[in-house]
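Below you'll find the structure, written out as structure tokens, and then a few comments.
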Amino acid sequence: MTLEQIAELESRTLMPTYERLPILAVRGEGCFLYDDRGKKYLDFLGGLAVNALGYNHPEIMAVLRDPSATLLHVSNLVYHAYQGPLASRLAALSGLDLAFFANTGAEAVEGAIKLARAYAQRDDAAASNDRFDILALENSFHGRTLGALSVTWPEKYRKPFEPLLPGVEFVRLNDLAHLRQSFSSRVAAIIVEVIQGEGGVVEVDGRFLEAAQQLCRTHDALLICDEIQCGLGRTGRFFAYQKFGLEPDIVVMAKPLAAGLPLGAILARRRVAEAFHPGLHGSTFGGGPLQCRLALKFLEILSRTEFLRHVRDIGEYFRRRLLSLQEEFPVIQQVRGEGLMLAAELAVPGKDAVRQGLEAGLLFNCTQERVLRFLPPLIIQKEHVDQFTEGLRPILDSILAAQPKGAHA
Ligand SMILES: Cc1ncc(COP(=O)(O)O)c(C=O)c1O
């Protein structure tokens, strides 16, 4: 079937939730995606931060093809050999203690909110029954299920589904006074992305994060770090919160964890995690044997000497290339981000840049209308960055040319 035929079929058979790019993906290799016509795209979208090792990584494919991998699914009613080792590896990397495995980011966020409530309502808690408020940050994104949506900022995502969870309050980003004002004995947790991904690659201030942690301690509330997009090597650290020496009570992760298959995880401190007991939470598919094996391999690769240094170095190289593009093309208002979670905010809508990128064989997306977001595989090399930034040049040129003279000087 051709792209046009598939698109026509989907328009009659799928719920209209996605605006797809006009690519019929058939194959991937390293940092490149190929369509049905054999066109090659340098993929700096990375399956929305899932394909951290690119496509067809030989060690990941070896796990998939291993003849001993006969267990695709067993349910959480029995043991298998991989959840325990994966939990212990994640605990060692994060500094937290106990894990729960889910499938997606939103499911991990849901579980984290439930855990925070269970902890607030635990038998020996000093708090009364009214400790269930959750603080979130303006400009946040935590997922599409009802609980995760309740702590997600953009009104356009939330409004059609109200009423959502009661007791959610949004704190103004990096506003210490508002943060202090928002805490009370009713607050069970605050959830933060150290770098807001969907929000446009916006870095939260270290002082603000430290104050949030301190306020949590004072009020016996929990600090939840959502590392679904910024975690697991993306910023050149295992977790983005490690940059500030934070010690969150709960961390949620997903996207690249099983190198392309769905797997999410909640990590928590022991005293918090023990608010769960058998029967209080669960997931049929969560932590399946194949996903856990893939995740163990992914973490092994991430932990190799030089892997994260490479992410930091190549990320810095890419950032500098973007900064020199900014000097040349003032239509770029700001370059932001860290490691390989980078963005260029334009003075104009970015949709056309994405379209022109596709024509030129470059894949990236635009968030918040004007923010070009780059989430390439962590294995990119200088030649990929050079090819990408050189490819951006004529696109920026044409955008600049289309602007009224002097508009962005
Ligand atoms: C920070 C963050 N949290 C949660 C989610 C939701 O993850 P999922 O789409 O796997 O449910 C996302 C997805 O983009 C995200 O970026």
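The values are calculated or read from the model by the stated rules, or taken from the named source; none is laboratory data. These numbers were taken from a predicted model, which means no experiment stands behind them. So basically every Cβ, Gly included, is an ideal-geometry build from the backbone, and we count neighbours across all protein chains shown.
Test each condition in (1) modelled with pLDDT of 95 or more; (2) farther than 19 Å from Pro85 by Cβ for Cys292 and report the one that comes out false.
For Cys292, the exception is condition (2).
Which of the following residues is assigned to a strand (DSSP E or B), of a type in the set (A, V, I, L, M, F, W, C) and either over 16 Å from the mean Cα position of the chain (by Cα) or in the same structural domain as Asp249 (by TED's automatic domain parsing) (or both): Ala136, Ala106?
Numbers: Ala106 fails: assigned to a strand (DSSP E or B).
Result of the check over Ala136, Ala106: Ala136.
Name the residue that is farthest from the ligand (Cβ to nearest atom), counting only residues in segment 143-162 that are assigned to a helix (DSSP H, G or I) and basic (Lys, Arg).
Lys159
Considering segment 201-234 alone, what residues qualify as being away from the ligand (no atom under 12 Å from the Cβ), under 14 Å from the mean Cα position of the chain (by Cα) and surrounded by fewer than 24 Cβ atoms within 10 Å (Cβ to Cβ)?
Residue satisfying the conditions is Glu203 alone.
Based on what the data block shows, is Leu53 under 23 Å from Met253 (Cα atoms) and either in the same structural domain as Leu362 (by TED's automatic domain parsing) or part of a loop (DSSP other than H, G, I, E, B) (or both)? Please lay out each step first, then the result.
Numbers: under 23 Å from Met253 (Cα atoms): yes; either in the same structural domain as Leu362 (by TED's automatic domain parsing) or part of a loop (DSSP other than H, G, I, E, B) (or both): yes.
It is true that Leu53 is under 23 Å from Met253 (Cα atoms) and either in the same structural domain as Leu362 (by TED's automatic domain parsing) or part of a loop (DSSP other than H, G, I, E, B) (or both).
Pick from Asn51, Asn56: which is within 22 Å of Leu257 (Cα to Cα) and surrounded by fewer than 16 Cβ atoms within 10 Å (Cβ to Cβ)?
Every option except Asn56 fails the conditions.
Output the number of residues of segment 340-372 satisfying the condition of being closer than 20 Å to Tyr157 by Cα and of a type in the set (Lys, Arg).
2
Would you be able to say whether some residue in segment 163-177 is assigned to a helix (DSSP H, G or I) and surrounded by fewer than 19 Cβ atoms within 10 Å (Cβ to Cβ)?
yes
Restricting attention to segment 236-260, which residues are farther than 18 Å from Ala112 by Cα and either surrounded by fewer than 24 Cβ atoms within 10 Å (Cβ to Cβ) or away from the ligand (no atom under 13 Å from the Cβ) (or both)?
Gly236, Arg237, Phe238, Gln242, Lys243, Phe244, Gly245, Ala259, Gly260
Looking at segment 114-135, can you tell me whether even one residue there is closer than 30 Å to Gly199 by Cβ and β-branched (Val, Ile, Thr)?
yes
Return the residues of segment 338-355 that are among the small types (Gly, Ala, Ser) and touching a residue at least 60 places away in the same chain (Cβ under 8 Å); say none if nothing qualifies.
Initial filter on segment 338-355 (among the small types (Gly, Ala, Ser)): 339, 343-344, 347, 350, 353.
Of everything in segment 338-355, those that are among the small types (Gly, Ala, Ser) and touching a residue at least 60 places away in the same chain (Cβ under 8 Å) turn out to be Gly339, Ala343, Ala347.
Can you pull out every residue in segment 92-142 that is away from the ligand (no atom under 15 Å from the Cβ), under 28 Å from Leu302 (Cα atoms) and touching a Ser or Thr at 6+ places or on another chain (Cβ under 9 Å)?
Leu93, Ala99, Phe100, listed by residue number.
Return the residues of segment 107-139 that are small (Gly, Ala, Ser) and without any contact (Cβ under 8 Å) to a residue 60 or more places away in the chain; say none if nothing qualifies.
Ser128, Ala136
Please give the number of the condition Ile134 fails out of (1) more than 27 Å from Cys230 (Cα to Cα); (2) at pLDDT 95 or above.
With (1) more than 27 Å from Cys230 (Cα to Cα); (2) at pLDDT 95 or above applied to Ile134, the lone miss is (1).
Just to check your reading of the model, which residue among Arg373, Arg312, Arg393 is assigned to a strand (DSSP E or B) and in contact (Cβ under 8 Å) with a residue 40 or more places away in the chain?
Values: Arg312 fails: assigned to a strand (DSSP E or B); Arg393 fails: assigned to a strand (DSSP E or B).
None of the other options fit; the residue is Arg373.
Which ones in segment 261-288 are in a loop (DSSP other than H, G, I, E, B) and either within 13 Å of the ligand (Cβ to nearest atom) or touching a helix residue (DSSP H, G or I) at 6+ places or on another chain (Cβ under 8 Å) (or both)?
Within segment 261-288, Pro262, Leu263, Ala275, Phe276, Leu280, His281, Ser283, Gly286, Gly287 meet the criteria.
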